[in-house]
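Asks: I have a structure here, written as structure tokens, and I will follow up with some questions on it.
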Amino acid sequence: QVQLVESGGGLVQPGGSLRLSCAASGFIFSSYTMAWYRQAPGKQRELVASIPSSGMTNYADSVKGRFTISRDNAKNTVYLQMNSLKPEDTALYYCNARWVGVVYWGQGTQVTVSS
């Protein structure tokens with residue numbers, strides 16, 4: 001049974017930091033490209049960052065220099081370190097796993113940036 005379980009979301013003030021985690025199970029984690037997406041109210045889901053099995057990272061322009069994606073294949077976990085958070089980063093953040101034509105999604109964790 002495939003599971004992607006996100007954690008680490010919450011309420012943070014502008015300029016603050018959060019670290020999201022996504023614990024994966026039920027598939028060969030090390031072979032999959034892992035990614036974080038987000039969806040704000042009234043907006044389409046968008047790619048935030050991705051990291052394939054090679055480890056080469058990719059970021060949306062809006063988060064470059066502020067967010068860092070990483071993975072620990074020994075723990076089957078992908079992380080998103082978010083620094084210098086802005087109100088526009090407020091969204092539901094989803095963990096995504098992709099390999100060939102197979103895609104898995106987590107349930108999401110809410111990040112709210114507000115003073």
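Asks: Just checking, how many residues over segment 4-37 are part of a loop (DSSP other than H, G, I, E, B) and out of contact with any helix residue (DSSP H, G or I) (no Cβ under 8 Å at 6 or more places or on another chain)?
Replies: Looking only at that region, the number is 10.
Asks: Here's another thing I want to ask about it. Pairs please, first residue from segment 70-85 and modelled with pLDDT of 95 or more and open to solvent by less than 20 Å² (accessible area, probe 1.4 Å), second anywhere and among the acidic types (Asp, Glu) and outside any strand (DSSP E or B), Cβ atoms under 9 Å, 6+ apart in sequence or on different chains.
Replies: Correct list of pairs: Met82/Asp89.
Asks: Also, I was wondering about something else. Among the residues of segment 6-18, is there at least one that is without any contact (Cβ under 8 Å) to a residue 60 or more places away in the chain, open to solvent by less than 60 Å² (accessible area, probe 1.4 Å) and in contact with a Leu (Cβ under 9 Å, 6 or more places away or on another chain)?
Replies: Residues of segment 6-18 without any contact (Cβ under 8 Å) to a residue 60 or more places away in the chain: none.
No, segment 6-18 contains no residue that is without any contact (Cβ under 8 Å) to a residue 60 or more places away in the chain, open to solvent by less than 60 Å² (accessible area, probe 1.4 Å) and in contact with a Leu (Cβ under 9 Å, 6 or more places away or on another chain).
Asks: Out of Ser25, Ser70, Ser115, which single residue is small (Gly, Ala, Ser) and farther than 24 Å from Gln3 by Cβ?
Replies: None of the other options fit; the residue is Ser115.
Asks: Shifting gears a bit: Which ones in segment 38-63 are surrounded by 11 or more Cβ atoms within 10 Å (Cβ to Cβ), not in a strand (DSSP E or B) and not hydrophobic (A, V, I, L, M, F, W, C)?
Replies: Arg45, Pro52, Ser53, Thr57, Ser62
Asks: If you don't mind, there's one more thing I want to ask. Being within 18 Å of Glu6 (Cβ to Cβ), among the basic types (Lys, Arg) and open to solvent by 50 Å² or more (accessible area, probe 1.4 Å), is that true of even one residue in segment 96-109?
Replies: So far as segment 96-109 goes, yes, one or more of its residues are within 18 Å of Glu6 (Cβ to Cβ), among the basic types (Lys, Arg) and open to solvent by 50 Å² or more (accessible area, probe 1.4 Å).
The values are calculated or read from the model by the stated rules, or taken from the named source; none is laboratory data. Source: prediction; values computed, not measured. Methodologically, a virtual Cβ is constructed for each residue, glycine included, from the backbone with ideal geometry; neighbour enumeration extends over all protein chains shown. When the accessible area is computed, the model is the full protein with side chains, heavy atoms only, and any ligands, DNA or RNA have been set aside. Shrake-Rupley method; radii C 1.70, N 1.55, O 1.52, S 1.80 Å.
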